[in-house]
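The values are calculated or read from the model by the stated rules, or taken from the named source; none is laboratory data. Small disclaimer: the values here were computed from a predicted structure and weren't measured. Using ideal geometry, Cβ is built from the backbone for each residue, glycine included, and neighbour counts are taken over all protein chains shown.
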Amino acid sequence: MFMFIPIICGVKNWDSPYNTDPRYTGLYCPNCHNLSVEPVKRREFFQIWFIPIVPIYWGKQIRCSICNWRQDFKTDEELNKVVNEQQHIKQNMNMHY
């Protein structure tokens, strides 16, 4: 007798907030031009039967919650550099409106 047991597999992402400091929220997205980028800790796993088996990615990223654009960063210095650049972008946007 032949039994067919489907194997369900895929990739699962777990994003959690990296830092809840208000200066890290509402950053400018270069893809969709909204102020919706925030830093996240991201873990991505290959899973079988909804059980995470193999880690594919483990790190820190800035992510747009609207268009899902992402960029990696390694240290807090890199994140602070992005935040400082973003302050200049926000000032220029306020001047135009």
Report summary line: Among strands (runs of 3 or more DSSP E) entirely within region 20-97, at least 3 residues that are surrounded by 13 or more Cβ atoms within 10 Å (Cβ to Cβ) and in contact with an Asp or Glu (Cβ under 9 Å, 6 or more places away or on another chain) occur in 37-48, 51-64
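In region 1-19, how many are polar (S, T, N, Q) and assigned to a strand (DSSP E or B)? Steps first, please.
Of all residues in region 1-19, those polar (S, T, N, Q) come to 13, 16, 19.
Among the residues that remain, those that are also assigned to a strand (DSSP E or B) are: 13, 16.
Here the count works out to 2.
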Report task. Please work out if Gln61 is at pLDDT 90 or above and either on the phi < 0 side of the Ramachandran plot or touching a Cys at 6+ places or on another chain (Cβ under 7 Å) (or both). Result -> yes
Query raised in the report: Mind checking which pairs have a first residue in region 69-97 that is over 15 Å from Pro39 (Cα atoms) and at pLDDT below 85 and a second that is of a type in the set (A, V, I, L, M) and surrounded by 13 or more Cβ atoms within 10 Å (Cβ to Cβ), Cβ under 8 Å, 6 or more apart or different chains?
Result: Lys90/Leu35
